[in-house]
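The values are calculated or read from the model by the stated rules, or taken from the named source; none is laboratory data. Since this is a predicted model, take the numbers as computed values, not measurements. Here the Cβ is made from the backbone with ideal geometry for all residues, glycine too, and neighbour counts use every protein chain on show. In case anyone asks, the SASA skips ligands and DNA or RNA and just uses the protein heavy atoms, side chains included. Shrake-Rupley method; radii C 1.70, N 1.55, O 1.52, S 1.80 Å.
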Amino acid sequence: MTPPVVDVLPAIPALILAVTGLAVLLAQAFTPRGQAAPGAPFSLAGLLAALVAVYLLAARGGGDLGGTYVVDAFSLYFHALIIGVGLVVVLLSPSYLRATGIDRGEYYTLVLFSLVGMLGLVSCRELVSLFVSLEVMSVALYALAGLHRARPESQEAALKYFITGAFSSGFLLYGIALLYGASGSTSLVAVGAALRTPGPATAALATMGTGLLLVGFGFKVASVPFHMWAPDVYEGAPTTITALMSAGVKAAAFGALLRVFGQALPALAASWQPAVAALAVVTMVVGNLGALAQSNLKRMLAYSSVAHAGYLLAAVVAAPGIGVEAVLFYLVAYAAVNLGGFGALAALARQGREPLSLDDVAGLASRRPALAAALAVYLISLTGVPVSAGFVGKFFLFRAAVNAGWTSLAVIGVLMSVVSAYYYLRVVVAMYMREPLGEDAWAPVPPSAGLALGLSAAVVLALGVHPEPVLTWARLAARSLL
Amino acid sequence: MTLQHYLLVSAALFALGVLGLLTRRNAVNVLMGIELILNSANLNLVAFSRYGTGNLEGQLFAVFVVVIAAAEVAVALAIVLTLYRLRRTPNLDEADILKG
């Protein structure tokens, strides 16, 4: 018997990140006490190498790792997005970690490991690797949320994130077990084929399994009514990690959701589409109304990320087909603005204090004009004003919903976007129309964070003015899913 | 013993796990609830593999889940311990700074 030949090339980007993570950990171990290990430069080098590997893989046309881990146009699109998110987070981190006194080597290792999990999550074509990737991502993030050991808020965030995360993983796993029982396989394609001709018992198992999967994914993407952890965790976690969670985890979770529901469960679309539509409606409404009531900026952005999960779900209802490319495009726009928004708050942190209330950012434009302008760009894009990525993205999301016959979803989405203008633009008004209160308490914007924020703002504006290249790529990625 | 028996036991374990997670206030009890949920799914996987599907994928999956559950609990206990050091209580109701 000859051992099976496995082509490991498709997993190279993830492997590079995992090895870099270990190298950062070792570098920390060999650094004398009291000195800083070169965690950020190592991580940046690893992430750039992984990005090159993704480019080479794309030129080679992707590949397949033993039928469980597939690198097609869909995974490559998400690979580029997730590694880009990682780059921005690592650029934002050094100054923030120093300002808050949590500059430790394991930070970068855990960030890289969670990125490995995200890469796996969007590439898995099989339910075992889906669950393993999900947990690789989540376990690293539980630890990262609680990295600030002296702050009770950070510990509380870690505990709440762990409990809801493990709870949702349990639902997801139980759903996977039922799908396995119904179809006799854990491969997405085989599950999809088996469910096309179900017997009566199989159909019941499959419907229950689909429901449980939806609950599990609902927690992961923070959709109402499974969102209650998000504001607390986003507020308590270190701000750079909040940026990673809101941009990276949401992208990876939506990637896995699209792949699982698109490849394994299209036969059950008639039963899950109304459920997803209902989730989308309550998520858009509750997310936006919740954000209205917030005075803490991190909490406000957390509710806004809940609301955006609702807009994205409205297009997931229209998947497969035009809905997928709309979701893919919007995830890029959404990642850029969230990295920017949370990143701007992190960049201003000084001596453990961050700007968290409207008063804290009052008059920011007169003292940090560039940063205030960037933050205004992100907030305008979140609102969905034309000539920003958010407008183009929302246009495609709602058009997908209308084309699929869910006009009511688009109407609610547009109405809620109008509501959202109030709490986003309130921040812009505070930055530009009010006088600064008291002394200049903000940190000077560090160069690496400035680069990261500038990049995010450039992506937002570029996608708003000229979305074609990314849109073409998203269309290609969506087609590889069918 | 048929497949139905295993599925019933597994569903009962799952319900007990969810109940424990929602009603217990001690963090360690909540962790036990999470373990019950994961293991109820494991029982399902193994039962389906043995009586239903005729392949070993389910049993293989269960081994992965056991390993992951161990890693998860290691991190969870670390989080509970650091919170205990700050607050001197394992009671989840008292972790209530973040709200609104």
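Look through the range A:48-94, keep the residues that are part of a helix (DSSP H, G or I) and polar (S, T, N, Q), and return whichever of them is nearest to residue A:130 (Cα to Cα).
Step one: filter the range A:48-94 for residues part of a helix (DSSP H, G or I), giving A:48-60, A:73-94.
Next, from what is left, pick out any that are polar (S, T, N, Q): A:75, A:93.
Numbers: A:75: 13, A:93: 29 Å.
Among them, the one singled out is A:75.
Which of (1) facing another protein chain (nearest Cβ under 9 Å); (2) under 27 Å from residue B:73 (Cα atoms); (3) open to solvent by 30 Å² or more (accessible area, probe 1.4 Å) is the odd one out, the single condition residue A:177 does not satisfy?
In the conditions (1) facing another protein chain (nearest Cβ under 9 Å); (2) under 27 Å from residue B:73 (Cα atoms); (3) open to solvent by 30 Å² or more (accessible area, probe 1.4 Å), residue A:177 misses (3) alone.
Please go through (1) more than 23 Å from residue A:81 (Cα to Cα); (2) within 14 Å of another protein chain (Cβ to nearest Cβ) for residue A:301 and return the number of the only condition it doesn't satisfy.
Residue A:301 satisfies all of (1) more than 23 Å from residue A:81 (Cα to Cα); (2) within 14 Å of another protein chain (Cβ to nearest Cβ) except (1).
What do you reckon, is residue A:225 outside any helix (DSSP H, G or I) and either within 14 Å of chain B (Cβ to nearest Cβ) or open to solvent by 10 Å² or more (accessible area, probe 1.4 Å) (or both)?
Values: outside any helix (DSSP H, G or I): yes; either within 14 Å of chain B (Cβ to nearest Cβ) or open to solvent by 10 Å² or more (accessible area, probe 1.4 Å) (or both): yes.
So residue A:225 fits the description; yes.
Assigned to a helix (DSSP H, G or I), among the hydroxyl-bearing types (Ser, Thr, Tyr) and farther than 25 Å from residue A:296 by Cβ, is that true of residue A:408?
Numbers: assigned to a helix (DSSP H, G or I): yes; among the hydroxyl-bearing types (Ser, Thr, Tyr): yes; farther than 25 Å from residue A:296 by Cβ: yes.
When the stated conditions are applied, residue A:408 passes them.
Just the residues that are outside any loop (DSSP other than H, G, I, E, B), of a type outside the set (Ser, Thr, Tyr) and either at the interface with another protein chain (Cβ under 9 Å from one of its Cβ atoms) or farther than 26 Å from residue A:356 by Cα (or both), please, taken from the range A:138-147. Step through it out loud before you land on a result.
First pass over the range A:138-147, keeping only residues outside any loop (DSSP other than H, G, I, E, B): A:138-145.
If we keep only those that are of a type outside the set (Ser, Thr, Tyr) as well, we get A:139-141, A:143-145.
Within the range A:138-147, A:139, A:140, A:143, A:145 meet the criteria.
Among the residues that make up the range A:95-111, is at least one of them touching a strand residue (DSSP E or B) at 6+ places or on another chain (Cβ under 8 Å), in a helix (DSSP H, G or I) and within 14 Å of chain B (Cβ to nearest Cβ)?
At the first step, the residues of the range A:95-111 found to be touching a strand residue (DSSP E or B) at 6+ places or on another chain (Cβ under 8 Å) are A:99.
Next, only the ones that are in a helix (DSSP H, G or I) stay: A:99.
Narrowing further to those that are within 14 Å of chain B (Cβ to nearest Cβ): none.
No: zero hits.
Do you know which residues across the range B:1-13 are assigned to a helix (DSSP H, G or I), more than 9 Å from chain A (Cβ to nearest Cβ) and of a type outside the set (A, V, I, L, M)?
Within the range B:1-13, B:4, B:5, B:6 qualify.
From A:122, A:132, which residue is in a helix (DSSP H, G or I), surrounded by fewer than 24 Cβ atoms within 10 Å (Cβ to Cβ) and modelled with pLDDT of 95 or more?
Details: A:122 fails: surrounded by fewer than 24 Cβ atoms within 10 Å (Cβ to Cβ).
A:132 is the lone residue from the list that is in a helix (DSSP H, G or I), surrounded by fewer than 24 Cβ atoms within 10 Å (Cβ to Cβ) and modelled with pLDDT of 95 or more.
Residue-by-condition table, conditions (1) surrounded by fewer than 21 Cβ atoms within 10 Å (Cβ to Cβ); (2) within 14 Å of chain B (Cβ to nearest Cβ); (3) at pLDDT below 95:
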{"position": "A:236", "(1), (2), (3)": "no, yes, yes"}
{"position": "A:253", "(1), (2), (3)": "no, no, no"}
{"position": "A:263", "(1), (2), (3)": "yes, no, yes"}
{"position": "A:267", "(1), (2), (3)": "yes, no, yes"}
{"position": "A:284", "(1), (2), (3)": "no, no, no"}
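Filter the range A:2-40 down to the residues that are in contact with a strand residue (DSSP E or B) (Cβ under 7 Å, 6 or more places away or on another chain) and outside any loop (DSSP other than H, G, I, E, B), then identify the one that is nearest to residue A:104 (Cα to Cα). It would help to see each step written out before you state the result.
Let us first name the residues in the range A:2-40 that are in contact with a strand residue (DSSP E or B) (Cβ under 7 Å, 6 or more places away or on another chain), namely A:6-11.
Restricting the remaining residues to those that are outside any loop (DSSP other than H, G, I, E, B) gives A:9-11.
On the way: A:9: 32, A:10: 32, A:11: 28 Å.
Only one residue tops the list, namely A:11.
Looking only at the range A:110-142, which residues are farther than 23 Å from residue B:45 by Cα and either out of contact with any Ser or Thr (no Cβ under 9 Å at 6 or more places or on another chain) or among the aromatic types (Phe, Trp, Tyr) (or both)?
Result: A:110, A:113, A:115, A:142.
Suppose we filter B:31, B:38, B:43, B:16 for residues that are assigned to a helix (DSSP H, G or I), of a type outside the set (D, E, K, R), open to solvent by 20 Å² or more (accessible area, probe 1.4 Å) and within 9 Å of chain A (Cβ to nearest Cβ); which single one remains? Outline the logic, then answer.
Values: B:31 fails: open to solvent by 20 Å² or more (accessible area, probe 1.4 Å); B:38 fails: open to solvent by 20 Å² or more (accessible area, probe 1.4 Å); B:16 fails: within 9 Å of chain A (Cβ to nearest Cβ).
Sole residue among the options that is assigned to a helix (DSSP H, G or I), of a type outside the set (D, E, K, R), open to solvent by 20 Å² or more (accessible area, probe 1.4 Å) and within 9 Å of chain A (Cβ to nearest Cβ): B:43.
Please verify whether residue A:97 is in contact (Cβ under 8 Å) with a residue 12 or more places away in the chain and under 23 Å from residue A:189 (Cβ atoms), treating the condition exactly as stated. Reasoning before the result, please.
On the way: in contact (Cβ under 8 Å) with a residue 12 or more places away in the chain: yes; under 23 Å from residue A:189 (Cβ atoms): no.
For residue A:97, the condition - in contact (Cβ under 8 Å) with a residue 12 or more places away in the chain and under 23 Å from residue A:189 (Cβ atoms) - is not met.
If you go through the range A:345-353 one residue at a time, do you hit one that is in contact with a Phe, Trp or Tyr (Cβ under 6 Å, 6 or more places away or on another chain) and assigned to a helix (DSSP H, G or I)?
Step one: filter the range A:345-353 for residues in contact with a Phe, Trp or Tyr (Cβ under 6 Å, 6 or more places away or on another chain), giving A:346, A:348-349.
Still in the running and assigned to a helix (DSSP H, G or I): A:346.
Yes.
For the list (1) open to solvent by less than 40 Å² (accessible area, probe 1.4 Å); (2) in contact with a helix residue (DSSP H, G or I) (Cβ under 6 Å, 6 or more places away or on another chain); (3) in a loop (DSSP other than H, G, I, E, B), I need the number of the one condition that residue A:437 fails.
(1)
Report yes if residue B:22 is assigned to a helix (DSSP H, G or I), open to solvent by 40 Å² or more (accessible area, probe 1.4 Å), facing another protein chain (nearest Cβ under 10 Å) and touching a Pro at 6+ places or on another chain (Cβ under 8 Å), otherwise no.
The answer is no for residue B:22.
State the number of residues belonging to the range A:290-317 that are open to solvent by 10 Å² or more (accessible area, probe 1.4 Å), touching a residue at least 24 places away in the same chain (Cβ under 8 Å) and not in a helix (DSSP H, G or I).
Total satisfying the criteria: 3.
Out of A:87, A:173, A:144, A:112, I need the residue that is of a type in the set (A, V, I, L, M), modelled with pLDDT of 95 or more and closer than 26 Å to residue B:15 by Cα. Which one? Steps first, please.
Values: A:87 fails: closer than 26 Å to residue B:15 by Cα; A:144 fails: closer than 26 Å to residue B:15 by Cα; A:112 fails: closer than 26 Å to residue B:15 by Cα.
None of the other options fit; the residue is A:173.
Given the structure, is residue A:45 touching a residue at least 12 places away in the same chain (Cβ under 8 Å), open to solvent by 20 Å² or more (accessible area, probe 1.4 Å) and under 21 Å from the mean Cα position of the chain (by Cα)?
Numbers: touching a residue at least 12 places away in the same chain (Cβ under 8 Å): yes; open to solvent by 20 Å² or more (accessible area, probe 1.4 Å): yes; under 21 Å from the mean Cα position of the chain (by Cα): no.
Considered against the rule, which asks whether it is touching a residue at least 12 places away in the same chain (Cβ under 8 Å), open to solvent by 20 Å² or more (accessible area, probe 1.4 Å) and under 21 Å from the mean Cα position of the chain (by Cα), residue A:45 comes out as no.
Residue by residue through the range A:180-189, note down the ones that are at the interface with another protein chain (Cβ under 10 Å from one of its Cβ atoms) and of a type in the set (A, V, I, L, M). Even if it seems obvious, please write down each step before you answer.
Residues of the range A:180-189 at the interface with another protein chain (Cβ under 10 Å from one of its Cβ atoms): A:180-187.
A:182, the sole residue that qualifies.
Quickly run through the range B:46-98 and pick out the residues that are within 15 Å of residue B:10 (Cβ to Cβ), more than 7 Å from every other protein chain (Cβ to nearest Cβ) and either among the aliphatic types (A, V, I, L, M) or open to solvent by 60 Å² or more (accessible area, probe 1.4 Å) (or both).
If we filter the range B:46-98 for residues that are within 15 Å of residue B:10 (Cβ to Cβ), which is where we start, we get B:46-52, B:58-59, B:61-62, B:65.
Okay, now just the ones that are also more than 7 Å from every other protein chain (Cβ to nearest Cβ), so B:46-47, B:49-51, B:59, B:62.
Result: B:46, B:47, B:50, B:51, B:59, B:62.
Take residue A:245 and decide whether it is of a type in the set (A, V, I, L, M) and more than 19 Å from residue A:384 (Cα to Cα). Before the answer, list the steps.
Values: of a type in the set (A, V, I, L, M): yes; more than 19 Å from residue A:384 (Cα to Cα): yes.
In short, yes.
Might you let me know whether the range B:64-85 holds any residue that is over 22 Å from residue A:161 (Cβ atoms) and either of a type in the set (A, V, I, L, M) or part of a helix (DSSP H, G or I) (or both)?
Going through the range B:64-85, the residues over 22 Å from residue A:161 (Cβ atoms) turn out to be B:64, B:66.
Keeping just the survivors that are either of a type in the set (A, V, I, L, M) or part of a helix (DSSP H, G or I) (or both) gives B:64, B:66.
Yes, the range B:64-85 contains at least one residue that is over 22 Å from residue A:161 (Cβ atoms) and either of a type in the set (A, V, I, L, M) or part of a helix (DSSP H, G or I) (or both).
How many residues are more than 7 Å from chain B (Cβ to nearest Cβ), open to solvent by 10 Å² or more (accessible area, probe 1.4 Å) and of a type in the set (A, V, I, L, M, F, W, C) if we restrict to the range A:148-174? Explain how you work it out, then say what you get.
Taking the range A:148-174 first, the residues more than 7 Å from chain B (Cβ to nearest Cβ) are A:148, A:150-151, A:154, A:160-161, A:164-165, A:168-169, A:171-172.
With open to solvent by 10 Å² or more (accessible area, probe 1.4 Å) added as a condition, the list becomes A:148, A:150-151, A:160-161, A:164, A:171.
Still in the list and also of a type in the set (A, V, I, L, M, F, W, C): A:150, A:171.
Adding up the residues that qualify gives 2.
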